[in-house]
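The values are calculated or read from the model by the stated rules, or taken from the named source; none is laboratory data. Everything numeric here is computed off the predicted structure, so don't read it as measured data. Neighbour counts run over all protein chains shown; Cβ positions are idealised from the backbone, glycine included. We work out accessible area using only protein heavy atoms, side chains counted, and drop any ligands, DNA or RNA first. Shrake-Rupley method; radii C 1.70, N 1.55, O 1.52, S 1.80 Å.
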Amino acid sequence: MSKEKIVLAYSGGLDTSIIIPWLKENYDAEVIAMAADVGQGEELEPLNEKAIKSGASKIYIEDLTEEFITDYIFPTIKAGAVYEGKYLLGTSFARPIIAKRLVEIAEKEGATAIAHGSTGKGNDQVRFELTVKALAPQLKIIAPWRIWDIRSREDAIDYANERNIPIPVSKSSNYSRDKNIWHLSHEGSELENPANEPIYDRLLQLSVTPENAPDTPTYIDIDFEKGIPVKVNGQKMGPVELLTYLNKVGGENGIGIIDIVENRLVGMKSRGVYETPGGTILYAAHQELENLTIDRDTAHYKTLVSQRFAELVYYGQWFTPLREALSAFVDSTQKYVTGNVKLKLYKGNIIPAGTTSPYSLFSEELCTFGEDNVYNQKDAEGFINLFGLPLTVQANMKKLNDIKD
């Protein structure tokens, strides 16, 4: 009889490097690796040889970069979703697309299980597994970090060294990093103590620090169509080219570096440093355009939707009816979010430098401090009387009952 098949989310990093031999040692199954290219900028072809030598029977290397941007990043930008006011969800929305492809390969290969290298302390285990439950609930899930005797990254390094498995970390430089075309995250080492200032000279890879950015500002302008960026500096660009360019410009100007203590879904707080240069620029530009084109009530309500959307993405609930419903609301708000935004980048700062749109709701005639013929200021008196009527009623009641605050 043929062996059962397990499809492993494989990156070639520390955890997944040791999972292949561990699965071979502990399960009587064929291990098929899947490496997802979500724009991490690394050559993945060497993983072919590495995965096979580690014991995998086959490896899929899947280029998901453009789909990642168009189907996950752009909807989240349009939603304006930011987790806890700082985190632009770089790792969070990369997991559903990877897990979706894992499911597709598992079904193609007739596999019975999916394995991943997420720890039992983190958010990624939830993101991977909720996607599997939503798309293929019949598949079993194997999460070695919740099963094996390895209890730390140091143990994992020892396990790899004992089996001569090459790994991209050492005990002296033990950051945990996750990179894709949207961001680069850093955790571990000195960051485990929130009292420590990050050692940016050895930490940053996409950006310079603001103090090392140029002394002269860089101007860029971005064109959006229905909330989606389509041009930079007048040049039409595809999603990958556009984000790659903005990452370069943003990184050179020290844009998008955050240091955050965040609340993980599993209940603990964690500390990380994230670099999101191009994404930070896009969020800022998109917000400026929305300020010009979305009416007050919709804009204020959308802030509530943005927060809930961010939680859903962070919690791994991408493939849920609520996320889909919120995206439908967001898409309806983006109908007129079309126009051009000019920004000045200077030493980590993004400074608005002008916004235009054919659908602008700004009326110079209405808001001018000069003389106008379109607004009768006397009308404000009746508006205030009606708007303040509940306050008047409340005050009269207190007076009749001699109530003093």
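What the table shows:
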| quantity | calculated |
| --- | --- |
| Heavy-atom accessible surface of the chain: percent carbon and sulfur, 1.4 Å | 51 |
| Column: log10 I(q)/I(0), Debye, Cα scatterers of segment 1-127, q = 0.12, 0.15 Å⁻¹ | -0.48, -0.73 |
| Cα→Cβ-extended label distance, 7 Å offset, between Q235 and N373, nm | 4.8 |
| Environment charge at K236 (Cβ cut-off 12 Å; Lys +1, Arg +1, Asp -1, Glu -1) | -2 |
| Computed accessible area, K248, all protein chains, 1.4 angstrom probe, square angstrom | 120 |
| With Cα atoms, 0 to 90° folded angle of helix 277-293 axis to the chain main axis | 30 |
| Using alpha-carbon coordinates, inclination of helix 153-162 to the longest axis of the chain, degrees | 30 |
| Nearest-10 value in Å² for the accessible area of L361, using the 1.4 Å probe | 110 |
| Computed [θ] at 222 nm, deg cm²/dmol, the chain (DSSP H ≥ 4; -39,500 (n - 2.57); rounded to nearest 500) | -12000 deg cm²/dmol |
| Residue-count net charge about T355 - beta-carbon cut-off 12 Å; Lys, Arg +1, Asp, Glu -1 | -3 |
| Accessible-area value, V341, 1.4 Å probe, nucleic acids and ligands omitted, Å² | 0 |
| Principal axis box of segment 209-290, alpha-carbon based, largest edge first, Å | 45, 34, 23 |
| Reciprocal of mean inverse Cα separation for segment 168-261 (Kirkwood radius, Å) | 15.4 |
| Separation of the I384 and N396 label points, Cα + 7 Å toward Cβ, nm | 1.9 |
| Set K140/K179; K179/K236; K5/K58; K226/K342; K24/K53 screened for pairs whose C-alpha atoms are more than 20 Å apart | K140/K179; K179/K236 |
| Where N is the number of residues in segment 86-126, Cα Rg divided by 2.2 N^0.38 Å | 1.36 |
| Diffusion constant of segment 292-395 at 10 °C, which comes from Stokes-Einstein with the Kirkwood Cα-pair radius and 1.306 mPa s, µm²/s | 88 |
| Accessible area per residue, Å², the chain with all protein chains present, probe 1.4 Å | 51 |
| Cut-off 12 Å between beta-carbons: net charge of the residues surrounding R163, Lys and Arg +1, Asp and Glu -1 | -1 |
| Separation of the S332 and T244 label points, Cα + 7 Å toward Cβ, nm | 3.8 |
| Net lengthening on full extension, N196/I52 (0.36 nm per residue, minus Cα-Cα) | 47.8 nm |
| q = 0.20 Å⁻¹, segment 110-167: log10 I(q)/I(0) [Debye, one scatterer per Cα] | -0.81 |
